[in-house]
Amino acid sequence: MATSKVEGSSSLRHAFGGVLSVFILLLIGVVAFSIRLFSVIKYESVIHEFDPYFNYRVTQFLSKNGIYDFWNWFDDRTWYPLGRVIGGTVYPGLTLTAGTMWKLANSLNIPLSVETVCVFTAPIFSAFAAWATYLLTKEVKGTGAGITAAAILAMVPSYISRSVAGSYDNEAVAIFALIFTFYLYIKTLNTGSLFYATLNSLAYFYMVCSWGGYTFIINLIPMHVLLCIVTGRYSSRLYIAYAPLVVLGTLLAALVPVVGFNAVMTSEHFGSFLVFIIIHVVALVYYIKGILTPRLFKVATTLVLTVGIAVCAVVVAILVALVASSPTKGWSGRSLSLLDPTYASKYIPIIASVSEHQPPTWPSYFMDINVLAFLVPAGIVACFLPLSDASSFAVLYLVTSVYFSGVMVRLMLVLAPAACIMSGIALSEAFGVLTRSMKFHITKYFECSHTEAPAKLGESTSTESSAPLENMTKSDTTEKPEVARKEKVARRKQKKEKELTENAHVKPVSAKKEKRPLVLPLEASIVSVFLLIVLGGLYVLHCVWAAAEAYSAPSIVLTSHSHDGLHVFDDFREAYAWLRHNTEVDDKVASWWDYGYQTTAMANRTVIVDNNTWNNTHIATVGTAMSSPEKAAWEIFNSLDVKYVLVVFGGLVGYPSDDINKFLWMVRIGGGVFPHIKEADYLKDGQYRVDAQATHTMLNCLMYKLSYYRFVETDGKGFDRVRRYEIGKKHFKLTHFEEVFTTHHWMVRIYKLKPQKNRIRGKSRKSKLGSKSTSSKSGGMTHKNPWN
Amino acid sequence: MDLIWADFLIPRERERERERVLEPVSLSVDSNSTFTPIDHRSDGMDRRLQFAFVLLCLGLLSSTARSDLVVSKAERLVDLNSHIVRVLSKLKVENEGPDDVSEVLLALPDAQAKNLAAIRTFYSDGKLGFVLPTEPIEPKGMPSDVTYYSIALPKKLGKGKTVSLDVLSIFTRSLKPFPEEITQAESQLVVYTDNMYYTSPYPVKYQSLVFRLPGRVESYTKYPKVELVKSELRYGPFEMQPAFSYSPVVVHFENNNPFAVANELVREIEISHWGNVRVTEQYTISHGGASLKNGFSRIEYQARPYMRGASSFRILIAKLPARAHSVYYRDEIGNISTSHLWGDSQRTQLEIEPRFPIFGGWKTTFTIGYSLPLHDFLFEADGGKRVLNMTFGCPLDEVLVEKHIVKVVLPEGSKDITVATLFPTKQSEDVKYSHLDILGRPVVVLEKDNVVPEHNLYFQVYYKFNNISLLSEPMMLIVGIFLLFVACIVYMHTDLAISKTSSSYLEKLQWEEVQATVQHIKNIFDQYLAVHDKLESSLRDLSRSGDVQSCKAARKAADAQFKELAKELKPLLTFLQSCSQASSILPKIEELVTKEKEMQEKEMAKHTTVVDCFEKKLGGKDIESRIASQQQKLTSLKQEVESLLDSISEI
């Protein structure tokens, strides 16, 4: 009760709170990093999936040859015979980041391999992203909400799915860049400091370097600026936050080779320029308003409006004409499919064929953001009490990202930070209200107890009786708003002590109620706190489960649990290792584009098409070859100088994402360019099947043959474990291809193109060919080879 | 080399001392040398003698004349089971000339000599066995398409005496696959060519030749004196053959044993004086037999692996030292999950399976790494030196290493490095930078071509190392972090403003001052609150004890304190009023001051009321009802003051 103690605690409280929140943020960083290590612990430290392999390969090149060679890198290992200019077509942010980290480590003589650095880049940047979320939410709604949001983001499954250790993809650093750019924007908006505005442009530059999703920023911020202007929130701070970003940001963005002049020439960026003009007009109007009398101002307004509208009409007309002159109206395919969800499936099968470009289902929302989906509305409400520039931005961010996530499952990733920020705000506000009312009731309760036994050892009983309750809240809310809560506990204690000394008088409740309208009944608040804690606990459980089970598989090595223990399917690497060591360095390998990046990175062999689907015709050629009969396919492949053909087959072990299941896309994409491939030929009554009822074309196409060659000999029936039926055509021979390698579980099969046969004397060959073409009526043989 | 030489000269006691130091040598040679027909126990010592003999005998060599030696008996056993051909020739050499002889010459046709990986001569004088130095020489006046090796005898061979020598020569790449390409279903057939007679610069009185074969024999050179018994093909015996007799013999037989060839093996042995030896072995393994044609069919391989794919190999076994731990097996694209590890106190066995079965002509690469406890391999040597005692060769069974590179990475700061090996190697030095090194770690690189399992012998690296250098890296880290903190402290306490007169700088200074003042004001208000608390507690005491006087005294004291605080507060408030930057906080503080004043008044009023009531001896209920309204106001005021304080402290 000594004065010094009170004094000390109040001055210490801030220092302690600061240290505590730093410590908590550190722990959040550790959680964000370590929850993503399940993949390393359960599997191994290896690069995951498809795109990361390409990034890994680029990073290897960068670390070996230096930055200048990297910018000029023409990759002849892919898209044979076209090649690909990597330096000019890749978002270099991720590669440069990891390359710099590697270089830094090596300059300190810490011998890390490029692979290790690449594997751990994503977890490191998720920790950064959590901290950036803290900063952003702090700007929006204060420290408590910030810490809650950071803790939620550290383990949100949607983000984990893209940033587990080994998932070395652009999104890993881009989400951090996105949140950080938003933070700096809000910071500038709150402070009006040009320093932060400059930093904001730099952060935007980093985002442009990292991910094509930067267009989201350059459209969202103008939208927010427009919103502020429309709702009469224009201020000089807004101007400073926006104008430098557009000018500097666009200049910097144009420096990135892959963006270049797109930064000023595609429609995705036009919105920002339009708003740039508008904000200047508004600024001018405010300025004029300041120097003119109200009457004069009215006259000026009408004058300017008439002229302005005319000018605007002309400008808009010119713009529309310009935009309309380009075939896609200046929008790129992916962006168009964002605006019109049906666009891709109608016009670009190659985009539609990627599963992550499909619209998400409801379960995937629950899987990816879990309880946040319920907390978000509460967060929106909290953002409106009171509405500030920053909170309106948060709401706008949420609303737009909800829309985009509904279009493409991949963009769930953009939704995740918004949902985390909103839920953080909601949880922190809810806890604030509930603990405040609990505190109020508890202090009241103790005062009552004092009136009954005024001369008793009030203090000791109070601490004792309040201890269990405190313990309960302490132990249960550990994950969430720790700082907020602890601060409150401290405050509560202090207040209690004071109020205990306030003699034995009943405090009139009505007076309190007037001042604190948000007081709930004690029981209700205890129950609510408990429920919120349970909700948080469920969320944490779900996140850990998702990180451990759902999202940690590297997809190049599969495991299955059977009664006799863990079984490992390492067929992909088996095949790639075989290709790497037992084929010539310059051999070309044809496969469906999914495996292009992996083949170049792991097998170090030239591929025809890869996951960078920049040339639809080339992919269609491979699709056509796969859907053609053997001879036509051989001719296509031979004209492409292909020596090996690789197919992925899951029928033996039941691996569902194999080439037979993807085959219809090959047909569609091939048919989109070479019309003699018709989807209908491969479908029986509109159904895709490879059993006995399958069409003749289906059973004779190359993909079928390469997948099922000698498959019947495994069990005598040819039972396909993925499709769950016996295959249609069981015994057949290959005439133009020869099996050279099949992996242990048959998941990857590699065939070699047989060399051209010696020319047989004219007549016999002709007759042979004639009889063949009459017997097999595989239609469209006249233009079977698209390269003719 | 010098040390070994010295060893030979030092007396017996010293010898025994060295024996103890180098104990692991003799121990594990026992376990490794499965080939020697000689008493193993003396093997370790012999090898150390060997070098001494080389030097001794090289000097004597020039004086030895071509002598009248005769090989009275030569029995050759050619082991063709593996792809490494081992020929054991048991020789009895007799001196028929008048002079004492101290060296015996061996001869190998050049065609065979170029495939020779190792040659070793064993000599036994009843109890002890020795390894005799066997060195290539180029004697004058002898046929030229033959390579000669000279064996230095431990003691001179007198007239009419005989000596028994066992010569083990190991050949690689001597089995030629024929046909050179086979399909998966076929067995691998190989051809071995040799001389039917023992090639020797001396006449051979009696000789025989035995081929030990792994399986079916396709064909062999027919000759009157030949018999094929089970898996042994015997030629001879032949008697009284002159020197350099030659008659080709060809055996064509089936050999499906793994032809595992490591095209390159880089063994990196890294010593950490913190107690660990880390070994990393990078292999490039290929199948050296008949190459596969017509592709590989998994269905045939899976259905009948021993028939369809007999020539391939799937499993390699590595015999690692005992107590090997942290074993890993991977390649450039990640971990390879097909491996097993067994271990007991004697050895650790690692069974590895490459990603795919290796057929003829196929190739793969992988890396094995493991850690070993330092005290098993590092010993103190004379002169304050340390000696690392490790095996040279490759731990894989029956693998021929075409290019073998051993790198020994010594700790940073090692000096005076010398290497002792039992066979010639190409030595060079290098520097490796790792884990926060500044000067780099000295690396000894030993290179040798055509290494066979028989080269799996111990070699020693001597170096000087000061234990203090161990601490350099932790110290560096500590100093680095310390400096970081110092830099932070310095940064926080230095004024980095360029212009001390610029308006923004002055503003900043003023702002800091305002903050300090606000903090001070806050403290004062905290004290105010404390005084209020005191008053309240005095009232409580009153209700308990009824001591009116002390209560009054408390009130007086509080009054004085209030006045003092007000005095203290005044200059601060005037400062804030004068500051332009404090304008945002000032209204709040002023409100605070007024609220506090009000609170003071109320408190005092309440206090007097209560004390009055007590003096009038009114009942508790009466008192309560009297002060109820005051109390209500007071609480609300207190709330307000507190929230104001909170809002101020947030600035």
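The values are calculated or read from the model by the stated rules, or taken from the named source; none is laboratory data. All of these numbers come straight from a predicted model, not from anything done at the bench. When we count neighbours, we look across all protein chains shown, and the Cβ atoms used for this are built from the backbone with ideal geometry, even at glycine. Calculation scope for accessible area: heavy atoms of the full protein, side chains included, ligands and nucleic acids excluded. Shrake-Rupley method; radii C 1.70, N 1.55, O 1.52, S 1.80 Å.
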Selection from the stretch B:465-517 of residues that are among the aliphatic types (A, V, I, L, M) and in contact (Cβ under 8 Å) with a residue 60 or more places away in the chain: B:LEU470, B:VAL514
Boolean, A:GLY83 is away from chain B (no Cβ under 14 Å) and in contact with a Phe, Trp or Tyr (Cβ under 8 Å, 6 or more places away or on another chain): yes
Some residue of the stretch B:573-595 being within 13 Å of chain A (Cβ to nearest Cβ), over 21 Å from B:SER636 (Cα atoms) and part of a helix (DSSP H, G or I): no
Condition check for B:ARG540: in a helix (DSSP H, G or I), open to solvent by less than 70 Å² (accessible area, probe 1.4 Å) and basic (Lys, Arg): yes
Per-region count, the stretch A:351-366, residues open to solvent by 40 Å² or more (accessible area, probe 1.4 Å), part of a loop (DSSP other than H, G, I, E, B) and within 25 Å of A:ASN616 (Cβ to Cβ): 2
Failed item, numbered, when B:GLU454 is tested on (1) open to solvent by less than 60 Å² (accessible area, probe 1.4 Å); (2) out of contact with any strand residue (DSSP E or B) (no Cβ under 7 Å at 6 or more places or on another chain); (3) part of a helix (DSSP H, G or I): (2)
Single match in B:SER169, B:SER144, B:SER102 (criterion: on the phi < 0 side of the Ramachandran plot, touching a residue at least 60 places away in the same chain (Cβ under 8 Å) and of a type in the set (Ser, Thr, Tyr)): B:SER169
Unique match (being touching a residue at least 60 places away in the same chain (Cβ under 8 Å), under 49 Å from the mean Cα position of the chain (by Cα) and under 30 Å from B:LYS293 (Cα atoms)) among B:GLU180, B:GLU218, B:GLU135: B:GLU180
Selected residue (only one of A:THR116, A:THR137 is touching a residue at least 24 places away in the same chain (Cβ under 8 Å), within 14 Å of chain B (Cβ to nearest Cβ), of a type in the set (S, T, N, Q) and in a helix (DSSP H, G or I)): A:THR116
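Residue by residue, here is whether (1) part of a helix (DSSP H, G or I); (2) more than 13 Å from chain B (Cβ to nearest Cβ); (3) touching a strand residue (DSSP E or B) at 6+ places or on another chain (Cβ under 9 Å) holds:
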position	(1), (2), (3)
A:VAL19	yes, yes, no
A:LEU26	yes, yes, no
A:GLY29	yes, yes, no
A:ALA32	yes, yes, no
A:VAL46	no, no, yes
A:TYR53	yes, no, no
A:THR59	yes, yes, no
Test: residue in the stretch A:695-715 that is within 38 Å of the chain's Cα centre (by Cα), of a type in the set (Asp, Glu) and either under 28 Å from A:ARG605 (Cα atoms) or open to solvent by 20 Å² or more (accessible area, probe 1.4 Å) (or both): no
Residue within the stretch A:693-707 that is over 17 Å from A:PRO629 (Cα atoms) and either within 12 Å of another protein chain (Cβ to nearest Cβ) or not acidic (Asp, Glu) (or both) present: yes
Any hit, the stretch A:588-607, residues being of a type in the set (Asp, Glu), more than 14 Å from chain B (Cβ to nearest Cβ) and open to solvent by 10 Å² or more (accessible area, probe 1.4 Å): yes
Tally, over the stretch A:186-240, of residues that are aromatic (Phe, Trp, Tyr) and surrounded by fewer than 16 Cβ atoms within 10 Å (Cβ to Cβ): 1
Within the stretch B:249-275, considering residues that are of a type in the set (Val, Ile, Thr) and open to solvent by 10 Å² or more (accessible area, probe 1.4 Å), the one farthest from B:THR367 (Cα to Cα): B:VAL250
Filtered residue count, the stretch A:46-76, keeping only those that are within 25 Å of A:LEU640 (Cα to Cα), within 28 Å of the chain's Cα centre (by Cα) and charged (D, E, K, R): 3
Close pairs from the stretch A:588-616: first among the aromatic types (Phe, Trp, Tyr), partner part of a loop (DSSP other than H, G, I, E, B) and buried (at least 23 other Cβ atoms within 10 Å of the Cβ), Cβ under 8 Å, at least 6 apart: A:TRP592/A:VAL609; A:TRP593/A:VAL609; A:TRP593/A:ASP610; A:TYR597/A:ASP610
Leading residue by the ranking (most open to solvent (accessible area, probe 1.4 Å)) among those in the stretch A:560-576 that are facing chain B (nearest Cβ under 9 Å) and over 18 Å from A:GLU739 (Cβ atoms): A:VAL568
Residues satisfying the stated conditions in the stretch B:600-619, i.e. of a type outside the set (A, V, I, L, M, F, W, C) and either open to solvent by 50 Å² or more (accessible area, probe 1.4 Å) or away from chain A (no Cβ under 13 Å) (or both): B:GLN600, B:GLU601, B:LYS602, B:THR608, B:ASP612, B:GLU615, B:LYS616, B:LYS617, B:GLY619
Evaluation of B:HIS404 against (1) open to solvent by less than 10 Å² (accessible area, probe 1.4 Å); (2) within 18 Å of B:VAL266 (Cα to Cα); (3) within 14 Å of chain A (Cβ to nearest Cβ) (one fails), failing number: (3)
Residue within the stretch B:219-237 that is at pLDDT 85 or above, in a loop (DSSP other than H, G, I, E, B) and open to solvent by 80 Å² or more (accessible area, probe 1.4 Å) present: yes
Residues being of a type outside the set (S, T, N, Q), open to solvent by 30 Å² or more (accessible area, probe 1.4 Å) and modelled with pLDDT of 50 or more - total across the stretch B:48-87: 7
Some residue of the stretch B:435-446 being touching a helix residue (DSSP H, G or I) at 6+ places or on another chain (Cβ under 9 Å), open to solvent by less than 20 Å² (accessible area, probe 1.4 Å), farther than 30 Å from B:THR172 by Cβ and more than 12 Å from chain A (Cβ to nearest Cβ): no
Hits in the stretch B:149-188 - residues which are among the charged types (D, E, K, R) and either open to solvent by less than 10 Å² (accessible area, probe 1.4 Å) or assigned to a strand (DSSP E or B) (or both): B:LYS155, B:LYS156, B:ASP166, B:LYS176, B:GLU181
Which listed residue is in a loop (DSSP other than H, G, I, E, B) and away from every other protein chain (no Cβ under 14 Å), from B:GLY393, B:GLY383, B:GLY360: B:GLY393
Every pair of residues 6+ apart whose Cβ atoms lie under 7 Å, when the first sits in the stretch B:327-346 and is within 14 Å of chain A (Cβ to nearest Cβ) and farther than 15 Å from A:ALA577 by Cα while the second is small (Gly, Ala, Ser) and not in a loop (DSSP other than H, G, I, E, B): B:TYR328/B:GLY369
Residue satisfying condition, being modelled with pLDDT under 90 and either hydrophobic (A, V, I, L, M, F, W, C) or buried (at least 24 other Cβ atoms within 10 Å of the Cβ) (or both), within set A:ALA172, A:ALA150, A:ALA145: A:ALA172
